[in-house]
Structures are given as structure tokens and as C-alpha cells.
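Each value in this text was obtained by applying a stated rule to the coordinates, not by laboratory testing. Note that the structure is predicted; figures quoted are calculated from it, not measured. No Cβ is skipped: glycine too gets one built from the backbone with ideal geometry, and neighbour counts run over all protein chains shown.
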Amino acid sequence: QMTVAASGEEEARYYTVVKGDTLSKIAKEHYGNANQYMPIFEANKPMLTHPDKIYPGQVLRIPPLKK
């Protein structure tokens, strides 16, 4: 489930975690590269304390990848 922010930000997206998700899986879906999970982790601190600890129902901010 994807929503795009209506503000002037460069394409900040939000993603609701579902059972079985990992940050790597979400990074692969959004960026095409499972190794790009750290920008997602960093954008969601302090809610996230560890990259492996995400839970269904959490809404994560998916920042645009820096070019």
C-alpha cells in the first residue's frame, strides 16, 4: 500500500509494513536494490532502533535515493 506525500518534498513515499517484510525487501521494491535499506532505516529513526525490528502496521517513510 503506497501513498505519496502531497507536500513539495521530492517524492517522499510512505509504506505500511506487512507480515514477512524486511527493510531489504522494501528497499528492493522501492529502489530495485535490497542493499539500499539504510536510507529507509535512517529516515525512520527514532521509531526504528534496529534494521531487523520492523512490525506489521508500522508506516515507514521511504525517502528518495540521493543521486
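By the scheme Lys and Arg +1, Asp and Glu -1, what is the net charge of all other residues having a beta-carbon under 14 Å from that of residue 17?
Working: positive: 13, 19, 25, 53, 61; negative: 21, 29, 52.
Here the charged neighbours net out to +2.
Short version: ³J(HN,Hα) in whole Hz for each residue of the stretch 40-57, in order, from phi by Karplus 6.51 cos²θ - 1.76 cosθ + 1.60 (θ = phi - 60°), x for Gly and Pro, what are they?
Rounded to whole hertz, the list is 5, 4, 4, 6, 10, 6, x, 4, 8, 10, 8, x, 8, 9, 10, 10, x, x.
What translational diffusion coefficient, to the nearest whole µm²/s, does the chain have by Stokes-Einstein, given a Kirkwood radius computed over alpha-carbon pairs, a temperature of 4 °C and 1.567 mPa s viscosity? Provide the component values of the computation, followed by the final result.
Numbers: Rh = 12.0 Å.
Estimated via Stokes-Einstein, D reaches 108 µm²/s.
Taking H as built 1.01 Å from N, whose amide H comes closer than 5 Å to the amide H of residue 62, not counting residues under 5 places away?
Close amide H contacts, sequence-distant or interchain: 13, 14, 15.
Please tell me which of these pairs span more than 19 angstrom C-alpha to C-alpha: 19/67; 19/53; 19/66; 25/53?
Working: 19/67 31 Å; 19/53 12 Å; 19/66 28 Å; 25/53 13 Å.
Over 19 Å Cα-Cα: 19/67; 19/66.
Among 45, 28, 19, whose mean-square fluctuation peaks in a Gaussian network model of the chain (Cα, cutoff 10 Å)?
Maximum fluctuation in the GNM of the chain, among the listed residues, is at 19.
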